[in-house]
Amino acid sequence: MSTTTELNLIPEIENPAELFKPGGLDPILAAIEAKVREFELDISTDKGRREVASLARKIASSKTYIDDAGKYLVAEWKEQARIVDRERAKARDFLDHLKDEIRGPLTEFEEKDKRRIAVHEAALEAITEIRVKDHPPTVQEAEWALERIAQYESRDWEEFAGRAKKVLGNARHFGELDLAQARTREAEAAELARLRKEAAEREQREREKRIAEKAATEAKLAAEDKARREAAAEARRAAEQVELAEKAFRAEQRRRQEAEERAKAAKEQAEREKQAAVEAERARVKAERKKAEEEAAKRKADEETFAKIFDEIDEAIGIAITDSKGKDVDLAIVITTLIMDGKIPHVTINF
């Protein structure tokens, strides 16, 4: 049995490159293990324990020796790898520059061609956006759209000519359809405006006729009433005069035998009463005339107020109809909305 002083675990390494190939260390490690296994371990004595510690140090030294041999080999390989990497980088940079130089014109052509194709694609997209889609177009908008389409039709589309023909054909079809519909809408709106104007003028004439007829009727009734009142007043005055004359005649008969002075006084009294009656009648006639004039003035003021209110309402409705030009408008809805919004003077709705 070998002792630890005799045991050498340092292997002989002549060619590290061969040693550090896959499986190259296996024989050396097996030899070291075999030598270690031959040693009889005894930790029951101080000497045995020292020998175990010495054996462990020798194993560690063997590890360090083998590891250093591999480290030196790896250092050589790393230096060679750095040389190879520098040469690889040199080759890459040189060939990349050469590639870019040779391919430069082709790359520039490809970029230019991409931009050319992108312009065609953008133009095709722009054609689809020409048509007004968020509201029914006016005649002017539809004509403008067709003019834009015509500008694209004269464009050189190159290899996109087939797609452009389809897109432009579709755009022109719908553009012409929009124009026809817009013309129809404007014609219908113009006709509707004409009919509304005629209806408004007709209604105005009828209102004026009704107002004139009402005024004539009221004037006639007022004249007839005045004539009746005057005739009645005249009849009352005549009756009163007859009655006064009869009273005076009877009084005269009764007073015939009275003294001349009393007869004269009675006559003067009768004259004063007669004069008072005349003055009273004049005052009454004057009061009636003033009342008739006040009533006529009130009727005139009412007519002017009615005309003013009518004009303000008519103006409010007319403005709403004018603002709605070109739209299909239900007159009843317009008037009701204006009243609810408080835009027609003197008119309210109670719910």
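Which of the residues spanning region 28-49 are farther than 27 Å from E18 by Cα, in a helix (DSSP H, G or I) and in contact (Cβ under 8 Å) with a residue 24 or more places away in the chain? The one that is farther than 27 Å from E18 by Cα, in a helix (DSSP H, G or I) and in contact (Cβ under 8 Å) with a residue 24 or more places away in the chain: E38.
Take I321 and tell me if it is among the β-branched types (V, I, T), assigned by TED's automatic domain parsing to the domain that holds R236 and either outside any helix (DSSP H, G or I) or at pLDDT 75 or above (or both). Answer is no for this residue. Residues of region 246-268 that are within 26 Å of R282 (Cβ to Cβ) and exposed (fewer than 13 other Cβ atoms within 10 Å of the Cβ): E246, K247, F249, E268. Residue count for region 266-305 satisfying the condition of being in contact (Cβ under 8 Å) with a residue 12 or more places away in the chain and closer than 30 Å to K226 by Cα: 12. Residues that are without any contact (Cβ under 8 Å) to a residue 24 or more places away in the chain and either surrounded by fewer than 12 Cβ atoms within 10 Å (Cβ to Cβ) or on the phi > 0 side of the Ramachandran plot (or both) within region 11-27 comprise E12, E14, N15, E18, K21, P22, G23, D26, P27, listed in sequence order.
Among the listed residues E186, E252, E261, which satisfies the condition of being free of Cβ contacts under 8 Å to residues at least 40 places away in the same chain and touching a helix residue (DSSP H, G or I) at 6+ places or on another chain (Cβ under 8 Å)? Selected residue: E252, the only one of E186, E252, E261 that is free of Cβ contacts under 8 Å to residues at least 40 places away in the same chain and touching a helix residue (DSSP H, G or I) at 6+ places or on another chain (Cβ under 8 Å). Please determine whether any residue of region 233-240 is surrounded by 13 or more Cβ atoms within 10 Å (Cβ to Cβ) and either without any contact (Cβ under 8 Å) to a residue 40 or more places away in the chain or not in a helix (DSSP H, G or I) (or both). Yes, some residue in region 233-240 is surrounded by 13 or more Cβ atoms within 10 Å (Cβ to Cβ) and either without any contact (Cβ under 8 Å) to a residue 40 or more places away in the chain or not in a helix (DSSP H, G or I) (or both). Per the conditions (1) surrounded by 13 or more Cβ atoms within 10 Å (Cβ to Cβ); (2) modelled with pLDDT of 75 or more, the sole criterion not satisfied by A276 is (1).
One line per residue, one yes/no per condition, for (1) surrounded by 15 or more Cβ atoms within 10 Å (Cβ to Cβ); (2) without any contact (Cβ under 8 Å) to a residue 24 or more places away in the chain; (3) in a helix (DSSP H, G or I):
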{"position": "Y72", "(1), (2), (3)": "no, no, yes"}
{"position": "A75", "(1), (2), (3)": "no, yes, yes"}
{"position": "R88", "(1), (2), (3)": "no, yes, yes"}
{"position": "D113", "(1), (2), (3)": "no, yes, yes"}
{"position": "D134", "(1), (2), (3)": "no, yes, no"}
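The set of residues in region 193-215 being farther than 20 Å from F310 by Cα and free of Cβ contacts under 8 Å to residues at least 24 places away in the same chain consists of R194, L195.
Among the residues making up region 137-161, those that are more than 14 Å from A123 (Cα to Cα) and outside any loop (DSSP other than H, G, I, E, B) are V139, Q140, E141, A142, E143, W144, A145, L146, E147.
The residues listed here are A126, A190; of these, the one that is within 30 Å of I335 (Cα to Cα) and either in a helix (DSSP H, G or I) or in the same structural domain as G318 (by TED's automatic domain parsing) (or both) is A190.
The values are calculated or read from the model by the stated rules, or taken from the named source; none is laboratory data. Worth saying up front: this structure is predicted, and the values here are computed from it rather than measured. With ideal geometry, Cβ positions are generated from the backbone for all residues, glycine too; neighbour counts draw on all protein chains shown.
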